[in-house]
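Just so it is clear, none of the values below were taken in a lab; they were calculated from the coordinates. Bear in mind the structure is a predicted one, so any value in this text is a computation, not a measurement. Cβ: placed from backbone, ideal geometry, glycine included. Neighbour counts: every protein chain shown.
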Amino acid sequence: MTGVRVSMYRPDLLRGQRILITGGGTGLGKSIGQRYVALGADLVICGRRAEVLAQTAQEFKDTLGVSIETHVCDVRDAQAVTSMMDAIWANGPLDVLLNNAAGNFLARTERLSPRAFDAVVDIVLKGSAYCTMDVGRRWIAAGRKGTAMSILTQSAMTGMPYTVPSAMAKAGALAMIRSLAVEWGPYGIRTVGVVPGPFPTEGAWSRLMPQERIGEAPIEQGVALRRLGEHHELADLCVYLISDSAAFITGEAVVIDGGRWLQGAAGASAYHMQQWPDSTWDSLKPKKTAT
Ligand code: COA
């Protein structure tokens, strides 16, 4: 494992930074939010369910002694996004937006109804766009710099069977990051992405790793580093990318997956070759012939 954790960040690194995490009440968004708060950020989270937001806010209060701002908002609704941003800005402008809210499930694409397709694409693609456009508009009008970061998936780069709406939507979000990096770069607005590999969460695991998948090779076998990710590792990358240390990075999506997608690209035989004993490699060497 990763051994003793030593943080490379100053404990007040994010002091004065006002950050909105969409879908920040659960899963990876919650873990990233905890890290941001621990480093002094002023955190705002939104989600669809008031009770989940309230529970997370209470947990932050109990464990970190910090009050966070919560907003019930379905990012699929552009008007609701604008109303939420109005309410957030009434307390002060944001410095960072993290598009984290997502929807996904396993399904054969030919069986998806239009509503099923929309349910995922509306959250992941449109929701990220509505939030980014709204925040960007306010930053540009005020002459403020800012960072809009989005959580992507490997499928944005490679496609992915059985999660096609999500793959299409995440690919669109990646195109947004690259496009706006250029369009909004002159305003000092950065757009960046993070591509997490296997970081277990209750939501993703129950949806994407159902019982039916038990019996498959362990996920770790498909990861070059042979382990799953730990939430604090993802959170640390998300801290770096919004920090001043990353001020020259824009339009880039950083993969943090232990080498999973490259292990997959290398093909199944790479895994077998990784198991070969020295004797197999030795047998492949050319035999020295006596002269
Ligand atoms: N397979 C096929 N179709 C599905 C489905 C599944 N597993 N889950 C939902 N759908 C379809 C529904 O049947 C419905 O279509 P229909 O009316 O034509 O039958 C459509 O999607 C909308 O379903 P509904 O439950 O009303 O949508 P919703 O907007 O309430 O929720 C999600 C859809 C994706 C947002 C929901 O699964 C969710 O809340 N997920 C939690 C967040 C999440 O997925 N995070 C990502 C973890 S990896």
Taking R0 as 45 Å, what's the FRET efficiency between PHE117 and TRP281 from their Cβ-Cβ distance, rounded to 0.05?
0.40
Is any residue of segment 151-165 close enough, with backbone N under 20 Å, to a label point placed 7 angstrom from the Cα of ARG108 along the Cα-Cβ axis, and if so, which?
160-165
Placing unit charges on C-beta atoms (Lys and Arg positive, Asp and Glu negative, everything else neutral), compute the dipole magnitude of the chain about its Cα centre in debye, rounded to 20.
520 debye
Based on the mean of other beta carbon atoms within 10 Å per residue, what is the order of 248-255, 93-100, 59-66, 18-25, most packed first?
18-25, 93-100, 248-255, 59-66
Rg(Cα) of segment 18-283 divided by 2.2 N^0.38 Å?
1.06
Output the lone cysteines of the chain: those with no second cysteine's C-beta under 4.7 Å from their C-beta.
CYS131, CYS238
Under 18 Å from a point 7 Å along the Cα-to-Cβ line of GLU212: which residues of segment 86-125 have their amide N that close?
104-113, 116-117
So for LYS170, LYS145, LYS126, fewest C-beta neighbours within 10 Å to most, what's the order?
LYS145, LYS126, LYS170
For a quick check: with amide H placed at 1.01 Å from N, whose amide H comes under 5 Å from ASP257's, ignoring anything fewer than 5 positions away on the same chain?
GLY197
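Would you please give the FRET efficiency between MET8 and GLU59, computed as 1/(1 + (r/R0)^6) with r the Cβ-Cβ distance and R0 = 30 Å, to the nearest 0.05?
Details: r = 26 Å, r/R0 = 0.86.
Computed FRET efficiency for MET8 and GLU59 comes out at 0.70.
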At 0.36 nm per residue, minus the direct Cα-Cα distance, what do ILE249 and LYS288 gain on full extension? Give it in nm, one decimal, please.
8.9 nm
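At a Förster radius of 25 Å, what calculated FRET efficiency corresponds to the Cβ-Cβ distance of SER83 and ILE140, to the nearest 0.05? Walk me through the intermediate numbers first.
Numbers: r = 20 Å, r/R0 = 0.79.
It comes out at approximately 0.80.
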